[in-house]
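The values are calculated or read from the model by the stated rules, or taken from the named source; none is laboratory data. Not measured: the values here are computed from a predicted model. Cβ placement follows ideal geometry from the backbone for every residue including glycine, while neighbour counts extend to all protein chains displayed.
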Amino acid sequence: MSTPNQADQNLNQQVMQEFRANKGTLGGVFEGVPVLLLHTMGVKSGEDRVNPTGYITEGDHWFVMASNNGRPRYPGWYYNLLANPQASIELGEEVVNVRASLVPKPEWDRFYAQALSLSSHFALNLEQTKGIREIPVIRLTRTNS
């Protein structure tokens, strides 16, 4: 029997395989939801960490929510980005270098409203974290490096 963490890792691996095999297109519960693969540097390990996550795009920016599927803790990639905001993302077959920054609260409301219109999953995450923590929105901006 796998632990919740192992189950999450297994699901992430399956999503990443499907993402790469289908040039960024996913089916099932992720069908129609824009998903990118976020590469961060592990704070403790120094190793490349890859996580699939939903996103919203606006201009040359991508916005991701550190919801961790409604769990009480922030996702590991959030801590990785706080420690080192340089990252990369896979969008279909393209790899883009990005710099992460936190979105301030007034903008947070606007982007979360957009996320809610994409998937009811985000509403569930908000409900699960209510009174425990806010779900940060992170802006990923293309860099030349």
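The set of residues in the stretch 52-74 being over 20 Å from THR25 (Cα atoms) and charged (D, E, K, R) consists of ASP60, ARG71, ARG73.
Yes/no matrix, rows are residues, columns are (1) in contact (Cβ under 8 Å) with a residue 60 or more places away in the chain; (2) among the basic types (Lys, Arg); (3) in contact with a Gly (Cβ under 7 Å, 6 or more places away or on another chain):
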position: LEU91; (1), (2), (3): yes, no, yes
position: GLU94; (1), (2), (3): no, no, no
position: ARG99; (1), (2), (3): no, yes, no
position: VAL103; (1), (2), (3): no, no, no
position: PRO106; (1), (2), (3): no, no, no
position: ALA113; (1), (2), (3): no, no, no
position: ALA123; (1), (2), (3): no, no, no
position: GLN128; (1), (2), (3): no, no, yes
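Inclusion of ASP60 among residues that are acidic (Asp, Glu), surrounded by 13 or more Cβ atoms within 10 Å (Cβ to Cβ) and closer than 22 Å to TYR78 by Cα is not warranted.
Within the option set VAL50, VAL33, VAL29, VAL96, being surrounded by fewer than 19 Cβ atoms within 10 Å (Cβ to Cβ), of a type in the set (A, V, I, L, M) and part of a loop (DSSP other than H, G, I, E, B) holds for one residue only, VAL33. Annotation: GLY24 fulfils all but one of (1) surrounded by 15 or more Cβ atoms within 10 Å (Cβ to Cβ); (2) at pLDDT 80 or above; (3) closer than 23 Å to ASN144 by Cβ; the unmet one is (2).
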